[in-house]
Amino acid sequence: MPINLKGRSLLSLKDYKPEEIKYLLDLAFDLKSKKRAGIRTETLKGKNIVLIFDKTSTRTRTAFEVAALDEGAHVTFLTNSQMGKKESIEDTAKVLGRMYDGIEYRGFKQKVVEDLAKYSGVPVWNGLTDEAHPTQGLADVMTMMEFIHKPLNQMKVVFIGDTRNNVANTLMRISAKLGMHYVAVGPESLKPSDEMMNEALETAKETGAVIEYTSELDGVKGADVIYTDVWVSMGEEDKMPERVELLTPYRVDMDLIKKTENQNVIFLHCLPSFHDFETIVAREAKERGLDIREVTDEVFRSRHSKVFDQAENRMHTIKAIMIATL
């Protein structure tokens, strides 16, 4: 059956069927090939897109802007609106829906992106909320498909560290949808929520995926992918000392890479990453006696690391989402 996503929002990959996710990935590969060949199709010519950011961003903003401009759309970067301050989200959504063909939102509460979709009448795309990061999940799998020469249902993906954060939740969800073997490796206090685990396990019954959690580092054995994220998310900086103590045993170093027993294992990270002390945040933490690196520089710069291919793929998957839904 042909896939038609026109008019759909992307608030979470929970709302998308496996075949719809695969369609977006196929489209992203096609668009990447065309961009590499210098072919500009301007599929979005005449479209107006607004980007709303309540959280800072490098990859999400640039990926949306370049993807839209590549395809001929006009972009407004909206940072000083009245939304949530002097005007309700509902009223703002209704205004933006009259002026724009699509809305991207990156911020905190999932309800904000859901309300924008509910009241605007146009496709809304989740650029990150506390619960989900769907555009990242698509780029993650696209990168795996490029560098791991196995069918998706034969890949083992290990997320290590804070396994209940938005990126980990999304990776678990898309792995379950696509029939992959997903293992969350981290401390008990930061394990996936029962709700997320139950959802993934229910999906796995239909797709044949394997979904697991363990606090033991042996869980990385046989991994095709080692994935991690920063130990403290935006807005949680006060938890830094506690997280460093809890997560230091789960830092991704070469010893951990060797534990996979897979010479071709790839390392992924949604970025930004603390892998050295070349940032203000990492240096200030070090002065306080805290090593906040979730991955060593040796791994980050090694042949295993595909993090910059992964970052580029944000643009291609986001372009696919906008074209498919508009």
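The values are calculated or read from the model by the stated rules, or taken from the named source; none is laboratory data. Remember, it's a predicted structure, so these values are computed and weren't measured experimentally. Quick reminder, even Gly has a Cβ in these numbers, built from the backbone with ideal geometry, and neighbours come from all protein chains shown.
Conditions (1) assigned by TED's automatic domain parsing to the domain that holds Met155; (2) modelled with pLDDT of 95 or more; (3) part of a helix (DSSP H, G or I), marked per residue:
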site: Pro192; (1), (2), (3): yes, yes, no
site: Asn198; (1), (2), (3): yes, yes, yes
site: Thr203; (1), (2), (3): yes, yes, yes
site: Gly222; (1), (2), (3): yes, yes, no
site: Ser233; (1), (2), (3): yes, no, no
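Assess whether Asp229 counts as being surrounded by fewer than 16 Cβ atoms within 10 Å (Cβ to Cβ) and over 21 Å from His149 (Cβ atoms).
no
Test Glu19 against the criterion of being within 22 Å of His133 (Cβ to Cβ), among the acidic types (Asp, Glu) and assigned to a helix (DSSP H, G or I), and give yes or no. Before the answer, list the steps.
Values: within 22 Å of His133 (Cβ to Cβ): yes; among the acidic types (Asp, Glu): yes; assigned to a helix (DSSP H, G or I): yes.
Yes.
Hey, among the residues in segment 145-164 that are surrounded by fewer than 23 Cβ atoms within 10 Å (Cβ to Cβ) and touching an Asp or Glu at 6+ places or on another chain (Cβ under 9 Å), which one's nearest to Leu51 (Cα to Cα)? Don't jump to the end; show me each part of the working.
Our first condition is that a residue be surrounded by fewer than 23 Cβ atoms within 10 Å (Cβ to Cβ); within segment 145-164, this holds for 145-155, 164.
Those left that are additionally touching an Asp or Glu at 6+ places or on another chain (Cβ under 9 Å): 146-148, 150, 154-155.
Values: Glu146: 29, Phe147: 31, Ile148: 33, Lys150: 36, Gln154: 37, Met155: 34 Å.
In this case the residue turns out to be Glu146.
Can you work out which of the residues in segment 66-91 that are out of contact with any Leu (no Cβ under 8 Å at 6 or more places or on another chain) and under 30 Å from Glu42 (Cα atoms) is surrounded by the most Cβ atoms within 10 Å (Cβ to Cβ)? Steps first, answer last, please.
Residues of segment 66-91 that are out of contact with any Leu (no Cβ under 8 Å at 6 or more places or on another chain), as a first pass: 66-67, 69-70, 74, 79-88, 90-91.
Of the ones still in play, those that are also under 30 Å from Glu42 (Cα atoms) are 66-67, 69-70, 74, 79-81.
On the way: Val66: 16, Ala67: 25, Leu69: 15, Asp70: 19, His74: 15, Thr79: 8, Asn80: 6, Ser81: 14.
By that ranking, first place goes to Ala67.
Between Leu10, Leu44, which is touching a Ser or Thr at 6+ places or on another chain (Cβ under 8 Å) and either surrounded by 14 or more Cβ atoms within 10 Å (Cβ to Cβ) or within 18 Å of Thr170 (Cα to Cα) (or both)? I'd like the intermediate steps shown before the answer.
Details: Leu44 fails: touching a Ser or Thr at 6+ places or on another chain (Cβ under 8 Å).
On inspection, the qualifying residue turns out to be Leu10.
Which of the following residues is outside the structural domain of Lys191 (by TED's automatic domain parsing) and at negative phi: Arg173, Arg98, Arg164?
Working: Arg173 fails: outside the structural domain of Lys191 (by TED's automatic domain parsing); Arg164 fails: outside the structural domain of Lys191 (by TED's automatic domain parsing).
Among Arg173, Arg98, Arg164, only Arg98 is outside the structural domain of Lys191 (by TED's automatic domain parsing) and at negative phi.
Give the residues of segment 249-290 that are within 23 Å of the chain's Cα centre (by Cα) and of a type in the set (Phe, Trp, Tyr), sorted by residue number.
Tyr250, Phe267, Phe274
Which one is nearest to Thr79 (Cα to Cα) among residues in segment 102-136 that are small (Gly, Ala, Ser) and under 14 Å from the mean Cα position of the chain (by Cα)?
Going through segment 102-136, the residues small (Gly, Ala, Ser) turn out to be 102, 107, 117, 120-121, 127, 132.
Those left that are additionally under 14 Å from the mean Cα position of the chain (by Cα): 107, 127, 132.
Values: Gly107: 12, Gly127: 15, Ala132: 21 Å.
Per the stated criteria, the residue is Gly107.
Can you confirm whether segment 257-275 contains a residue that is among the small types (Gly, Ala, Ser), without any contact (Cβ under 8 Å) to a residue 24 or more places away in the chain and closer than 26 Å to Arg61 by Cα?
Quick first cut of segment 257-275, residues among the small types (Gly, Ala, Ser) only: 273.
Retained after the next criterion (residues that are without any contact (Cβ under 8 Å) to a residue 24 or more places away in the chain): none.
No, segment 257-275 contains no residue that is among the small types (Gly, Ala, Ser), without any contact (Cβ under 8 Å) to a residue 24 or more places away in the chain and closer than 26 Å to Arg61 by Cα.
For segment 281-311: of the residues being surrounded by fewer than 16 Cβ atoms within 10 Å (Cβ to Cβ) and acidic (Asp, Glu), which is farthest from Ala67 (Cα to Cα)?
Applying the filter and picking the extreme gives Glu287.
Of the residues Ser81, Ser57, which is among the polar types (S, T, N, Q) and in contact (Cβ under 8 Å) with a residue 60 or more places away in the chain?
Numbers: Ser81 fails: in contact (Cβ under 8 Å) with a residue 60 or more places away in the chain.
Sole residue among the options that is among the polar types (S, T, N, Q) and in contact (Cβ under 8 Å) with a residue 60 or more places away in the chain: Ser57.
Quick one: which helices (runs of 4 or more DSSP H) lie wholly within segment 240-326 and hold at least 1 residues that are among the aromatic types (Phe, Trp, Tyr) and at pLDDT 95 or above? Don't jump to the end; show me each part of the working.
Working: elements: 240-247, 254-259, 280-287, 297-300, 307-325.
Correct list: 297-300, 307-325.
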